[in-house]
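Quick one: this structure, given as structure tokens, is what I'll be asking you about.
Please treat every number below as a calculation from the coordinates, not as lab data. As the structure is a computational prediction, the values presented were derived from the model and not from experiment. A quick note on method: Cβ atoms are made from the backbone with ideal geometry, for glycine too, and the neighbour counts reach across all protein chains shown.
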Amino acid sequence: MPTHDTIRRVTDRIIARSAAGRARYLEQTAAARGQGPHRRVLACGNLAHGFAACAGSDKDRLKTGAEANIAIVSAYNDMLSAHQPLERFPALIKEAARAAGAVAQFAGGVPAMCDGVTQGQTGMELSLFSRDVIAMSTAVALSHNMFDAALYLGVCDKIVPGLLIGALSFGHLPAIFVPAGPMTSGLPNAEKSRIRQLYAEGKVGRAELLEAESQSYHGPGTCTFYGTANSNQMMMEIMGLHLPGASFINPNTPLRDALTVAAAERAVRITALGDEYTPIAEVVDEKAVVNAMVGLLATGGSTNHTIHLVAMAAAAGISIDWQDFSDLSQAVPLLARVYPNGSADVNHFHAAGGLQVMIGALLDAGLLHGDVKTVAGPGGLEAYRAEAVLDGQGRATWRPVPTVSADTAVLRGVDAPFDSTGGLRLLTGNLGRSVIKVSAVQPQHRVVEAPAAVFHSQEDMLAAFKAGQLNRDVVVVVRYQGPRANGMPELHKLTPSLGVLQDKGFHVALVTDGRMSGASGKVPAAIHVTPECLADGPLARVRDGDLIRLDAEAGTLDVLVDAAGFQARPVQHPDLSANGWGTGRNLFAAFRAAVSGAEQGASSFSLPGSL
């Protein structure tokens, strides 16, 4: 199938825009590649330190430099349900590497915080910056020049983007991302949402809410709603960085373990020591980045990736912006309904055919670039039509799947989508640029024109809600939530209260320079407003009562006041000193001072493809 005209046009635009940054990145990668395993250039004392603790057979292999050494970089901790299964992976990987005639070493761990735990807490102000810390920690893990490829073990919100940015800084090394899989289905998401709203209204207590949350988040694995963590997994697969079909297999199952073993075996085969050398710099190119954007739009994926994917692409010398997302959204149909965009969870999505059916449908419609390099080998993205299964010996193998969904309430084809356009849109106007996730917003709620109610914190907004001050048509403005102001925390805690107001029949919207996460729900939310308020963005001039119009259909966000008078308003920033202390926030002052804007990836350091 020929590539769809919009996909081709946006890709060509990105290639042209990225020419200088991409060339610089590939130059740097070629210089780092050198000849053969880098540990050959290590002095004897360096090398002896590097394998001092290895078993005898591993030490002998590393002495010769002729056998592959695979780095394991892991975000394991047992507080994150999604990462707890990773505890067992290094042993599986090391055994598989030995069986393949290679060595695997645990190169380093990276931090991994849970946004679900820190949601609405001060710890959330570290969350966005943790991505850059993870990238730097990955670089530290790989800095010893001991490795021929790397396996990256991580799942959740900032962890996968951070690992990928770090991996791309070692673009000459092959890389495979190894997921843990989603937890099994618990309390239905619609029921969880209902209990949250009842709690927001004061109709149930903390005990009832905690019981509902515990039944929803109940075991090892990724949270089953389609937020940033599961969007990460989709993106790694559609970019060719997972083995086919690896994303949504439940933890601690024979197939999950078999896929982890297969990833180790495949990593050995794609090093420079073999004849299938596949460095990550050649996997993550402009076409792969466009495929990631298409996947996000087709699934109604996380709004966080309008920030993270920009930074990930920039690490590979590729420049993308929100206009690229918006233009692609006009061509890419919405093919999935997974909570919060529907009642199903990712287990239901996978059972309906999951990524294999979706990738096949998009390829057949010319909406994906099939001619890309992947860790799976020859054949490009076509290999990702196949599902992973166990063979008779308990090993992972792959078989083609039907191209038709097994449940059209969850997953559909291009010929009968849930929506003719994608789930993310760009809003522009006199309040700046922002993005909105419309896949969960009903059409009758996509245009809101109402007076502003302005707040400088989540707590102030929730206090006004509880006092009954927002029982009206209202555009809630929560500002000074950008990366420079306080690290750009997610404001998902506001969702139940906003949902209550909308359910009462009021016209309600949220406008903020903060984030709402992959769990953005049924209330229209213009998020990531840039320039942020602390950078003197126009949102800082809005006053209580100003009429604001959010039009997700037309793609506009405006304050409807006299233009000259609005520009002349003085801006007096609030006292934000409290954002700089407690929960380790003082340690991140340099990040807040150096961070770029949301549309530039909210990055704290220079990347080859930075706009």
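For the peptides 4-17, 366-379, 393-406, what is the packing order when you average, over each peptide's residues, the other Cβ atoms within 10 Å and list the highest mean first?
366-379, 4-17, 393-406
At 7 Å along Cα-to-Cβ for each site, give me the label-to-label distance between Tyr277 and Glu449 in nm.
Simple spin-label model gives 6.2 nm for this pair.
Work out how much length Ala535 to Gln469 would gain on full extension: take 0.36 nm times their residue separation and subtract the Cα-Cα distance, in nm to one decimal. Please report the intermediate quantities before stating the final value.
Details: separation 66, 0.36 × 66 = 23.76 nm, distance 2.94 nm.
In short, 20.8 nm is gained.
Between 0 and 90 degrees, rounded to the nearest ten: what's the tilt of helix 159-168 against the longest Cα principal axis of the chain?
Relative to the chain, helix 159-168 is tipped by roughly 50 degrees.
Right, something else. Classify the chain from the C-alpha gyration tensor, please: rounded if a/c falls under 1.5, else prolate or oblate depending on whether a/b exceeds b/c.
Prolate.
Could you compute the FRET efficiency for Val571 and Leu547, with r as their C-beta to C-beta distance and R0 at 22 Å, rounded to 0.05?
0.65
Which entries in Lys203/Lys466; Lys192/Lys522; Lys493/Lys522; Lys158/Lys373; Lys203/Lys504; Lys192/Lys493 show an alpha-carbon gap greater than 22 Å? Mind dumping the intermediate values first?
Working: Lys203/Lys466 12 Å; Lys192/Lys522 14 Å; Lys493/Lys522 14 Å; Lys158/Lys373 25 Å; Lys203/Lys504 15 Å; Lys192/Lys493 14 Å.
Checking Cα-Cα distances, Lys158/Lys373 exceed 22 Å.
Still on this model: Taking the highest mean first, how do the peptides 529-541, 303-315 order by number of other beta carbon atoms within 10 angstrom per residue?
Details: 529-541: 21.5, 303-315: 28.2.
Output ranking for 529-541, 303-315: 303-315, 529-541.
Can you give me the pair-distance distribution of the range 149-215, C-alpha pairs, 5 Å bins, whole percents?
Reading upward from the zero bin: 3, 15, 17, 11, 9, 10, 10, 9, 8, 5, 2, 0.
Further, regarding this structure: Enter the angle in degrees (range 0 to 90, nearest 10) between the Cα long axis of helix 354-364 and the first principal axis of the Cα atoms of the chain, meaning the one along which they spread out most.
So the inclination is approximately 90 degrees.
With a/c under 1.5 counting as rounded, go ahead and sort the range 424-575 into rounded, prolate or oblate using the C-alpha gyration tensor (a ≥ b ≥ c being the square roots of the eigenvalues; past the cut-off, prolate if a/b is larger than b/c, else oblate). Working shown, then result.
Numbers: a/c = 1.31, a/b = 1.22, b/c = 1.07.
Rounded is the answer for the range 424-575, as its axis ratio a/c remains below 1.5.
Treat each spin label as a single point 7 Å out from the Cα along the C-beta direction, and report the Asn46 to Ala563 distance in nm.
For the pair Asn46/Ala563, the computed spacing is 6.1 nm.
So, one more: Looking at the square roots a ≥ b ≥ c of the eigenvalues of the Cα gyration tensor of the range 564-611, which shape do they give, rounded for a/c under 1.5, prolate if a/b is larger than b/c, or oblate?
Taking the square roots of the gyration eigenvalues as a ≥ b ≥ c, the range 564-611 is oblate.
Within a Cβ distance under 14 Å of Ala526, other residues only, what is the Lys/Arg minus Asp/Glu net charge? Before the final figure, lay out the partial values.
Numbers: positive: Arg425, Arg433, Lys437, Arg446, Arg479, Arg515, Arg549; negative: Glu449, Asp513, Glu532, Asp551, Glu553, Asp558, Glu599.
Net charge in that neighbourhood comes out at 0.
Could you tell me what percent of the DSSP beta bridges with both partners in the range 424-575 are antiparallel, to the nearest 5?
Taking every DSSP beta bridge with both residues in the range 424-575, the antiparallel ones total about 55 percent.
How large is the charge dipole for the range 424-575, taken about the Cα centre, if only the Cβ atoms of Lys, Arg (+1) and Asp, Glu (-1) carry charge, to the nearest 20 debye?
Its charge dipole is roughly 300 debye.
While we're on this one: Can you pull the one-decimal nm distance between simple spin-label points at Lys59 and Lys203, each 7 Å off the Cα toward Cβ?
It is 6.8 nm.
Taking Cα atoms, how many degrees apart are the long axis of helix 254-269 and the longest axis of the chain, rounded to 10 and kept between 0 and 90?
Relative to the chain, helix 254-269 is tipped by roughly 60 degrees.
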